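Here the structure is laid out as structure tokens; the discussion comes afterwards.
Since every read-out is calculated from the coordinates, none of them should be taken as a lab result. All of these numbers come straight from a predicted model, not from anything done at the bench. Here the Cβ positions follow ideal geometry from the backbone for every residue, glycine too, while neighbour counts run over all protein chains shown.
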Amino acid sequence: MHVEPLNRERRWMERILFFLLAVVIWPFIAVGVVAGWGFLVWMYYLFTGPPGPV
């Protein structure tokens with residue numbers, strides 16, 4: 001089985017894709033998940049009241 005080494009153009013594209021995922025896309029997804037969870041908790045407390053003894 002012969003495996004060809006990656007050419008320079010493909011390696012460059014993989015680095016750009018990694019940069020795009022690691023620096024641009026995943027931080028937005030993380031912020032969106034945390035913001036969505038906070039919104040769900042806020043809506044839950046809006047209808048059920050705050051936790052703790054009344």
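Seen against the Cα atoms of the chain and their longest principal axis, helix 26-48 is set at about 10 degrees. Extension gain for residue 43 to residue 14 (0.36 nm times residue separation, less C-alpha to C-alpha distance): 6.3 nm. Shape index of the chain: Rg/Rh, with Rg the Cα radius of gyration and Rh the Kirkwood radius from the inverse mean 1/r over Cα pairs, equals 1.47. As a proxy for reagent exposure, 28, 47 were ordered by neighbouring Cβ count within 10 angstrom, fewest first; the result is 47, 28. For the chain, find the longest principal axis of its Cα atoms and tell me its angle to the long axis of helix 8-19, 0 to 90°, nearest 10. Between the helix axis and the principal axis of the chain, the angle is about 10 degrees.
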